[in-house]
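For reference, the structure is listed below as structure tokens.
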Amino acid sequence: MAIEIVYETHATTTDNEAGIATGWLPGRLSDLGRRQARELGERRPGDGFAVVFASDLHRAVQTARTAFPDGRPPIHQDIRLRECNYGDLNGNPVSLIAAQRAQHINKPFPGGQSYRQVVTATRAFLSDLAAGWDGSRILVIAHSANRWALDHLLTGTPLEELLQAPPAWRPGWHYTLSTDWPTSIR
């Protein structure tokens, strides 16, 4: 069998609106973000999800709890779904991070991590999903780096290619995770 993963980016934050790359800082939803999170719950009122996995960073947790205030489906926080840690550059302008993104695919940001390390954390998360959620439909609420990691791991798109494109938003990405993962990947 397989696991269906629906991925949603956390809702808009005050940092997003100010052009700030939050990284591992908590962040908080803006008025627009709180509205988007409510709309996520309205757009996906359960949608047959067995569980919601959210990054443990505040903005993702706030998105999940606003979207599903009654706790159904159950919401689990997972540290492995965190945004890339920009280290000394957490809280700096998005333009600065974007200009350096390609340099940090394998080399960590000063005091932080690399995008390859995000892929490693996401791989461990997917391995646990494959082992414990066979036949389930899962909602994941996380960050841009996690979506790139999912695209890389589950579609085979090179990480270098994914990091060249600016992060695009849309209401959900769909992935299928085979329960024989990772042996089923390219």
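Could you please find all residues in segment 1-37 being of a type in the set (Asp, Glu) and either part of a loop (DSSP other than H, G, I, E, B) or touching a strand residue (DSSP E or B) at 6+ places or on another chain (Cβ under 8 Å) (or both)?
4, 8, 15
Looking at (1) buried (at least 19 other Cβ atoms within 10 Å of the Cβ); (2) free of Cβ contacts under 8 Å to residues at least 40 places away in the same chain, which is the one condition that is false for residue 54?
(2)
Limited to segment 57-76, what total is found for residues that are of a type in the set (S, T, N, Q) and surrounded by fewer than 15 Cβ atoms within 10 Å (Cβ to Cβ)?
Going through segment 57-76 one residue at a time, the tally reaches 0.
I need a count of the residues in segment 20-30 that are touching a Ser or Thr at 6+ places or on another chain (Cβ under 7 Å) and closer than 11 Å to residue 92 by Cβ.
Qualifying residue count for the region: 1.
If residue 40 passes every condition in (1) assigned to a helix (DSSP H, G or I); (2) without any contact (Cβ under 8 Å) to a residue 24 or more places away in the chain but one, which one does it miss?
The number of the failed condition is (2).
If only one of 130, 121 is touching a residue at least 40 places away in the same chain (Cβ under 8 Å), among the small types (Gly, Ala, Ser), in a helix (DSSP H, G or I) and touching a Leu at 6+ places or on another chain (Cβ under 7 Å), which one is it?
Result of the check over 130, 121: 130.
Specify the residue that is most open to solvent (accessible area, probe 1.4 Å); the eligible residues are those in segment 94-109 that are within 25 Å of residue 12 (Cβ to Cβ) and in contact with a Leu (Cβ under 7 Å, 6 or more places away or on another chain).
Ranking the qualifying residues of segment 94-109, first place goes to 96.
Does segment 77-89 include one or more residues that are open to solvent by 60 Å² or more (accessible area, probe 1.4 Å), assigned to a helix (DSSP H, G or I) and touching a strand residue (DSSP E or B) at 6+ places or on another chain (Cβ under 6 Å)?
No; the residues of segment 77-89 include none that is open to solvent by 60 Å² or more (accessible area, probe 1.4 Å), assigned to a helix (DSSP H, G or I) and touching a strand residue (DSSP E or B) at 6+ places or on another chain (Cβ under 6 Å).
The values are calculated or read from the model by the stated rules, or taken from the named source; none is laboratory data. Bear in mind that the values here come from a model prediction, so they are computed numbers and not experimental data. Reconstructed Cβ throughout: ideal geometry from the backbone, glycine too, with neighbour counts over all protein chains shown. Ligands, DNA and RNA are excluded from the accessible area calculation, which covers all protein heavy atoms including side chains. Shrake-Rupley method; radii C 1.70, N 1.55, O 1.52, S 1.80 Å.
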